Structure formats: structure tokens, C-alpha cells
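The values are calculated or read from the model by the stated rules, or taken from the named source; none is laboratory data. Model, not experiment: these values are computed from the prediction. Glycine gets a Cβ as well: all are built from the backbone with ideal geometry, and neighbour counts include every protein chain shown. In case anyone asks, the SASA skips ligands and DNA or RNA and just uses the protein heavy atoms, side chains included. Shrake-Rupley method; radii C 1.70, N 1.55, O 1.52, S 1.80 Å.
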Amino acid sequence: MENKQQSNGVGKENNAVKKKVNWSGSLIVASLTGAFGSSFLYGYNLSVVNAPAVFIKKFYNETWERRYGFSVDEGTLTLLWSITVSIFAIGGLVGAIIVTPVVKFFGRKCTLVLNNVFAVAAALLMSLSLLAGSFEMLILGRIIMGVDAGISLSALPMYLSEISPKEIRGSLGQVTAIFICVGVFTGQVLGLPEIFGQESRWPFLFGAIIVPSLIQVVILPFLPESPRYLLLEKHDRNKAEKAFQRFLGKDDVSHEIEEVLAESRVQRNTKLVSVVELLRTRAVRWQIATVIVTMGCYQLCGLNAIWYYTNSIFSESGINHETIPYVTLSTGAVETLAAVFSGLVIERLGRRPLLIGGFGLMTIFFAVLTVSLTLQNTVHWLPYLSIFCILAIIASFCIGPGGIPFVLTGEFFQQSQRPAAFMIAGTVNWLSNFAVGLLFPFIQAGLQTYCFLVFAGICFAGATYLFFVLPETKNKTFHEISQAFAKRNKVALEMQEMNHYPGEKKSSEEQESNFASSVDNGEAKKGIV
């Protein structure tokens, strides 16, 4: 009886320890600085081209006339503008493809720091294009900025997932989504006519990109590298312990070190897996499928179409044309507030209800929006319902689908698989982004207001898939998440190691001894990357 009481006391004590999580200064600064110079710039570059569009097209026309002696025709001007906007996604795809070898060689933190070379180069090209009289500089700057975004949207979630305790991994991971929304909102604010939304000032919109990059370059080098990267890939236990101590704000990090080493025992004597090897790994097939579905729905759910329709819907509702840019700020504000709300509740509600609920609500509001847009000329109050639906769709997106796909990609895969997984996620993300930009004008022209039913169908399909497939990952280790997928992958838990890495299996005692030796010596054994 006494032993049972002692056991219960220990269990309660352990639970208390688990619930108590210290948000150290280093952890907060690393997440904020990393996001400000990375996901913030991604969001900013999504919205920054909208306000000066008229002035940039005029610049294109004047440059063409000065060179060739005649004005550019409407079709060519539209093509040049479409390239300027959509080539950002092509750069993002390039960045997503090269991120795996880059994070392997330089590490997570150093990749984020070095990535600012692309951001600064792009900012200089785009901000000086008007002065140089070269629209090619603006287009080249957009593709270079896309490369920066492609790298950062993989490296940042990877870094945040590896430096955070599992109890707050979701909240910290949502920092990526929050700063994307803040970036979009900032682009809208700076694009106002009173600030940089003027013909003579629009280059400053692109020059402002340098500020977050310089802040990240100044602060981030003084913060630790990912302790998981240091321990599992660099085999430097001393640096890993110091990194854990700074991020967790405590001296005793033996539990965290042991937790990481426990993961390493599953992947002993293995190298960083390639994309092809990961796709062939039976034990993670449903994890890969889930990442592809969530990332695909993240881009194909129709939020870009909402931005396209916003001005016309506000105009139809009777809002003065000069006032629309200020009213549009409400969309950015709602987006930011919803993302912050998601970050606050994700560790209480979990990933699953926020993600499924977000897509489900978007399905409903897209359907209502289709009806209100179709009938808005017949009933005087329907345009206001359309405005409400727009804000509701944006909020529904940001409470779950806007950030959780990045969190899940970091949670589903172990250390050696994570870079390849983020490459797959990034590739799907940017290809879907490009597809929306390319196909939406044709969908809209063919279906008119009924085009939103296409997005409602995509959201419904995503919510249905996730309802049946996605397990809750809140507060779970990689091993526990793998357990949840094991039955669906038709892989026995004790056989997962062999399925992950085909080859001869050593005895557990021999492998543990070999790995511990390599870590303690700070050297990698041959065959371990």
C-alpha cells in the first residue's frame, strides 16, 4: 500500500514537472528573431506588390517606351506583371529543393543567418530598379527573394521544432504562421498612400526588406544552434548540453539529452536520408501523405482568391474607392489576431481540432460566400454578408491551416528524415502556390462567383482526410507519434527500425555502446552523418 502511494506521488510529481515549462529568454529571442527575418519576410513579400501595382506597371511601360520608342501592348504588360508576381513561387521552389543539403552542412541556425544574403541582394535589386531604369532588376529580385523564402520556410520550422520542449512545441511552431500574418499586415500598412504607396516612393517598399534581415544577422549568431542537430548530426554532446541549458533556462538537462539519445537508438549507424529513401520508407508513408495533403490544401484552399476578390466586394458593398485600402487593413488585422489566438490555444486544444475545424469552417463560409456573391445585386444587405464571409474565411484559415502544417512536418519525422521531409513539404507548398497563381484567372473567368465552390470542395476533402487519418500529436514524442501511425502503415512497432533503414541489424547493446562512444568523443563514426 505504501509503495503504491509512493508510486502515485512520483507520478503526480512527474506530471507537475511536465506541465511546468520555462519560456527562457534565449528561447523567446531565438523564435522571434528567427521568424522576423524569415516568415515575416515571406508574408511581407506576398502583400507588398499589391499597393504599388499601378505604379510598377507604369514604370514597365515607360521603360519599354524609352528603349524601343513605342508603348508596350496590354498583353505584354499583363505578361510582365504576371511574371513579376508568380516568379516568387519559382524562387521558393528552388529554395525548398536546396534546403536539405544546406541545413545538413551549415546547421539550422547558420542557414537562417546565411539566407539573409539572398534577402539583402533581392532588396537592393528591387529598390534600385526604378533608379536604374531596369524592370529586369525587379523581376530578378523577386525570384531571389523567393529562394530566401523557400529556404526559410523549411529551415525555420525545423529550427523551432528542435529547440522547443514538446509541451510548447505547437505554440512555438505557430510563431511561423503569426509572423507570416504580421508580414502581410505590415506590407498593407506600408503600402498606404500616406507612407510608401506613392509613385515616387514605391521602391522603399522593397528596400524595407533589409531591416528584418539585418536585425536577424545581428542577433541570431549569439544564440545557440539546434541542440538536436549538435548531438545527433555533429555528435558534440558538450555544445548540445549548453544549448539545451540556454533554451530551457536550467542547468540539469540530462532528461532532455536522454530523450534525444533515445530517439538516436532507433536510427543508430544511419545517414541522413534522401527524399527518394524517405519516399520508399514504409514506416512513414502515411506521415508523408498527410504532409502532402495539408501542404497542398494550405495553398489550394482559396485564400489567394479571397485577396483577389476583396477590393471588388468592398466596392460592391458601397465603400468609397479611396477608403478601400484602409478597410482592407481589417483583413490583415483579423489574420494576425486569429494566428495569435491559435498560438495561445494550440497546446490546450491540440493540432487536430484546429486543423480540421479550420478547413471545415472554410467549407461552410465559402459556400455562403458563393450564394451571397451570386445574389448580392438582388438584396441590398448581401454585400455586407460577403464582407463577413471574407473575414470569417481568413480567420478560419489562420486558426489552424495557416500554421499547423509546418508544425506537423517537424513532429512527424525523426532527425535523419526531417530535412528530406521539409523538402517534400516545401516542394508541394511552392508548386501549389504557383498552380493557384497560374490557374485561378482561368477558373474565375469560367466559373465566375461559383469558383469558390472549387475551394469549398478542396477544404472539405482536406478536412475529411484529416478526420480519418490525423492523430493528435500534442505533447507526444516522435516515438509516440510513430506508434499512432504504425497500424495504418502496416508496420509492427518493433520492426520499424528495420523498415526505416534496411540492412543488417546489430545487437542493441553493441549499438548503444558504439553510439555513446562516438558522442562522448565528439566524433562521428564512419557511416554516421
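Output the number of the condition that Glu225 fails; it satisfies all remaining conditions of (1) surrounded by fewer than 19 Cβ atoms within 10 Å (Cβ to Cβ); (2) in a loop (DSSP other than H, G, I, E, B); (3) at pLDDT 90 or above.
Glu225 satisfies every listed condition except (1).
Checking the condition over 18 Å from the mean Cα position of the chain (by Cα) and within 30 Å of Glu167 (Cβ to Cβ), which residue from Thr310, Thr281, Thr290 passes?
After ruling out the rest, the residue left standing is Thr281.
Please verify whether the range 315-329 includes one or more residues that are within 21 Å of the chain's Cα centre (by Cα), part of a helix (DSSP H, G or I) and not small (Gly, Ala, Ser).
Among the residues of the range 315-329, not one is within 21 Å of the chain's Cα centre (by Cα), part of a helix (DSSP H, G or I) and not small (Gly, Ala, Ser), which makes the answer no.
Can you pull out every residue in the range 102-130 that is under 24 Å from Val436 (Cβ atoms) and open to solvent by 20 Å² or more (accessible area, probe 1.4 Å)?
Phe118
Which of the following residues is closer than 22 Å to Asn433 by Cβ, surrounded by fewer than 19 Cβ atoms within 10 Å (Cβ to Cβ), within 33 Å of the chain's Cα centre (by Cα) and in contact (Cβ under 8 Å) with a residue 12 or more places away in the chain: Val48, Val94, Val99?
Exactly one of Val48, Val94, Val99 is closer than 22 Å to Asn433 by Cβ, surrounded by fewer than 19 Cβ atoms within 10 Å (Cβ to Cβ), within 33 Å of the chain's Cα centre (by Cα) and in contact (Cβ under 8 Å) with a residue 12 or more places away in the chain, namely Val94.
Read through the list (1) modelled with pLDDT of 90 or more; (2) farther than 30 Å from Ile424 by Cβ; (3) part of a loop (DSSP other than H, G, I, E, B); (4) in contact with a Phe, Trp or Tyr (Cβ under 8 Å, 6 or more places away or on another chain), then give the number of the only condition that Gln198 fails.
(1)
Taking the stated definitions as given, is Leu349 more than 15 Å from Ile180 (Cβ to Cβ) and in contact (Cβ under 8 Å) with a residue 12 or more places away in the chain?
Judged against the criteria, Leu349 is not a match.
Could you tell me which residue of the range 342-386 is surrounded by the fewest Cβ atoms within 10 Å (Cβ to Cβ), considering only residues that are assigned to a loop (DSSP other than H, G, I, E, B), out of contact with any Leu (no Cβ under 8 Å at 6 or more places or on another chain) and not small (Gly, Ala, Ser)?
The residue in question is Thr378.
Answer yes or no: is there a residue in the range 207-214 that is aliphatic (A, V, I, L, M), assigned to a helix (DSSP H, G or I), on the phi < 0 side of the Ramachandran plot and surrounded by 20 or more Cβ atoms within 10 Å (Cβ to Cβ).
Among the residues of the range 207-214, not one is aliphatic (A, V, I, L, M), assigned to a helix (DSSP H, G or I), on the phi < 0 side of the Ramachandran plot and surrounded by 20 or more Cβ atoms within 10 Å (Cβ to Cβ), which makes the answer no.
Is it true that some residue in the range 153-168 is open to solvent by 10 Å² or more (accessible area, probe 1.4 Å) and over 30 Å from Arg351 (Cα atoms)?
no
Which condition number in (1) modelled with pLDDT under 85; (2) open to solvent by 50 Å² or more (accessible area, probe 1.4 Å) is the one that Phe468 fails?
Unmet condition: (1).
Under 7 Å between Cβ atoms, which residue pairs at least 6 apart in sequence (or on different chains) link something in the range 274-288 that is in contact (Cβ under 8 Å) with a residue 12 or more places away in the chain with a partner that is charged (D, E, K, R) and open to solvent by 10 Å² or more (accessible area, probe 1.4 Å)?
Qualifying pairs under 7 Å: Trp286/Arg488.
Those residues that are at pLDDT 85 or above, not in a helix (DSSP H, G or I) and not acidic (Asp, Glu), I need them from the range 243-272; list them, please.
Passing the criteria: Gly249, Lys250, Val253.
Exactly one condition in (1) open to solvent by less than 10 Å² (accessible area, probe 1.4 Å); (2) in a helix (DSSP H, G or I); (3) modelled with pLDDT under 90 is false for Ala425; which is it?
It fails just one condition, (3).
Out of Thr336, Thr378, Thr370, report the one residue that is within 19 Å of the chain's Cα centre (by Cα) and assigned by the TED database to the domain that holds Thr294.
Thr336
Restricting to the range 107-126, what's the tally of residues that are part of a helix (DSSP H, G or I), in contact (Cβ under 8 Å) with a residue 24 or more places away in the chain and either touching a helix residue (DSSP H, G or I) at 6+ places or on another chain (Cβ under 7 Å) or at positive phi (or both)?
12
Determine whether Ala333 is surrounded by fewer than 22 Cβ atoms within 10 Å (Cβ to Cβ) and either touching a residue at least 60 places away in the same chain (Cβ under 8 Å) or farther than 23 Å from Ile195 by Cβ (or both).
In short, yes.
Could you tell me whether any residue of the range 400-410 is more than 13 Å from the chain's Cα centre (by Cα) and assigned to a helix (DSSP H, G or I)?
Looking for residues that are more than 13 Å from the chain's Cα centre (by Cα) and assigned to a helix (DSSP H, G or I), one finds none in the range 400-410, hence no.
For Gln188, which of the numbered conditions (1) open to solvent by 50 Å² or more (accessible area, probe 1.4 Å); (2) in the same structural domain as Ser26 (by the TED database); (3) in contact with a helix residue (DSSP H, G or I) (Cβ under 8 Å, 6 or more places away or on another chain) fails to hold?
Among (1) open to solvent by 50 Å² or more (accessible area, probe 1.4 Å); (2) in the same structural domain as Ser26 (by the TED database); (3) in contact with a helix residue (DSSP H, G or I) (Cβ under 8 Å, 6 or more places away or on another chain), the lone unmet condition for Gln188 is (1).
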